[in-house]
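All remarks here apply to the structure that follows.
Nothing in this text is a laboratory measurement; each read-out follows from the coordinates by a stated rule. Keep in mind that what you see is a predicted model, and the values were worked out from it rather than measured. Please note: Cβ atoms are built from the backbone with ideal geometry, for glycine as well, and neighbour counts cover all protein chains shown.
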Amino acid sequence: MSILPMPALEVAAGAVSGVPSAWTVPLFIPSLPAFDVYQQRLQQVSASGTFTNFGPMLRAFEMALAEGLGVSPTRVVGVSSATAGLTCALLAVAERGGHCIMPAWTHSATPSAARRAGLEPWFLDVDLETWQLDPTDVEERISLSEAARVAAVVLVSPFGARIDVPEWEAFADRTGVPVLVDAAAGFDTWQDSRLTSVVSFHATKGFGIGEGGAVLAPDDSTGLRIRMATSLGMDSNRVAVVDGMNAKLDEFRSAIGLAALDTWQDVRAAILERSRAYFVALHRSGLSFRRPYGLEDVANSTYPIALSGPHAVDMIEALAQRGVHARRWWGDGCHRVPVFVSCPCEGVPVTDALAARVIGLPLYATVPLAAIEYVVSCLEEIGREYEHR
Ligand SMILES: Cc1ncc(COP(=O)(O)O)c(C=O)c1O
């Protein structure tokens, strides 16, 4: 998701072409802390003369994240983006040259990270209830496939939804294949496990700092290997001994991260209140829709919904005419993204169905509750128009 195409940076009551007294509802407004909340820390960075390379602000940010998760700080690695973090995690845990199983229903960042880590993405379908990979299906594919050597499985937590950790830990134990979680939007559901997981701190996430992310490793030694990978694979003598890239999180953004942790509980409460407002309004509306399992009471940065009625493209256009900005988050699915069409994929009907139906509605800490009522009333109106065509 991008914040670029949004002209209005506030939700304002006003006339939208053809729709009197309507709202203009942007897709997203970032909830980064106000400048005065992090100003002092930025001054500290400036005065210290240490701007990057595992400085004190990054260490403090990682410690605070680790404390929140109840894990050793060695296991938490701040990174310059979730994409870079996933790449480094794959470099650290997966053997080069194999396939990387992942859902077709994801952001291009997931296969892009696999490619950067020397792996060939292999797209599988997702389950209709969870919108995630199904461990039984993945295990069957691995056992039946003679052609592919599977070096890793990357699960994707769709829009921050919870994943079934015990089931996937058991999968990893049984198959011996490393399992990583692309939980880019999952800061609110991030938890300790024996899987390697990656979250994004992009400005458009519920917990945002601008650009950034973090990896949670299953143990200290994996954490150290991932950290090395974020610094060109260099050891303490500054000699590159393993594959890596530059994926370090700098001191300024770590400072903003510390400030964002200070304000997170307020942001989270505001997002959850708005997510519940969608839930109530949608259930009252009588609209026919689907949401993935494990996403209620999660503070994330869009309200994804699969609606019956018009195709997602037409739905978004009809919403835009009413001043509501929505988005097809993952387009037609990664198996149809030009740069990944050559990757193995044996048909993904659920992904195709979701791609045709799922739209992300505006959800952020400052979207007014009345705007949410308005969005749902627009969906109802569009649904009625569709039925009477
Ligand atoms: C599933 C998924 N993975 C990775 C990313 C990329 O995150 P980042 O922008 O921090 O690299 C996104 C971005 O929204 C995403 O949705």
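Report, by chain and number, residues whose modeled amide H sits under 5 Å from the one on ARG327, excluding near sequence neighbours (fewer than 5 apart, same chain).
Excluding prolines and chain starts, which carry no amide H, the hits are GLY360.
To the nearest 20 Debye, how big is the dipole of region 62-214 about its Cα centre, given +1 on the beta carbon of each Lys and Arg and -1 on that of each Asp and Glu?
I would put it at about 580 debye.
Helix-only estimate, please: 222 nm mean residue ellipticity of the chain, summing -39500 (n - 2.57) across DSSP H runs of length 4 or more and dividing by its residues, to the nearest 500.
It comes out at -12500 deg cm²/dmol, rounded to the nearest 500.
Could you compute the net charge surrounding TRP264? Neighbours are other residues with a C-beta less than 14 Å from the C-beta of TRP264; K and R count +1, D and E count -1.
-2
I'm checking a number: the convex hull volume of the Cα atoms of region 264-387, normalised per residue, in Å³. What is it?
So the per-residue Cα hull volume is 127 Å³.
Show me 148-156, 85-93 ranked by packing, highest mean number of other Cβ atoms within 10 Å first.
Top of the packing list down: 85-93, 148-156.
How much of the calculated P(r) for the chain lies past 37 Å, in percent of all Cα pairs?
It works out to 22 percent of all Cα pairs.
To the nearest 20 debye, what charge dipole does region 96-168 have about its Cα centre, counting +1 at the Cβ of each Lys and Arg and -1 at the Cβ of each Asp and Glu?
Dipole of region 96-168, to the nearest 20 debye: 580 debye.
Mind putting a number on the dipole of region 218-329 about its Cα centre? Charges go on the C-beta only, +1 for Lys and Arg and -1 for Asp and Glu, and I need it in Debye to the nearest 20.
Using only the charged Cβ atoms, the result is roughly 440 debye.
Find the centroid of the Cα atoms in region 244-291 and in region 143-221, then give the distance between the two in whole Å.
Their Cα centres are 18 Å away from one another.
Exposure proxy check: VAL341, VAL298 ranked by fewest other beta carbons within 10 Å?
So the ranking, lowest neighbour count to highest, is VAL341, VAL298.
Ordered by packing density, taken as the mean number of other Cβ atoms within 10 Å over each peptide's residues, highest first, how do 32-41, 180-189 rank?
Averaged packing, sorted descending, gives the order 180-189, 32-41.
Helix by helix, which DSSP H runs in the chain go 24 Å or more along their axis at the Cα atoms and have an average Kyte-Doolittle hydropathy of -1.0 or more?
Span-like helices here: 251-285, 369-387.
From the phi angles alone, apply the Karplus equation (6.51, -1.76, 1.60; θ = phi - 60°) to region 333-339 and give each ³J(HN,Hα) in whole Hz, x where the residue is Gly or Pro.
Per-residue couplings from phi come out as x, 5, 5, 10, 6, x, 6 Hz.
Could you give the distance between the Cα centres of region 99-138 and region 308-343, to the whole Å?
Each part's Cα centre sits 19 Å from the other's.
Among LEU133, MET245, GLY176, whose Cα lies farthest out toward the positive end of the dipole of region 35-258, if unit charges sit on the beta carbon of Lys, Arg (+1) and Asp, Glu (-1)?
Of the candidates, MET245 comes out farthest on the positive side.
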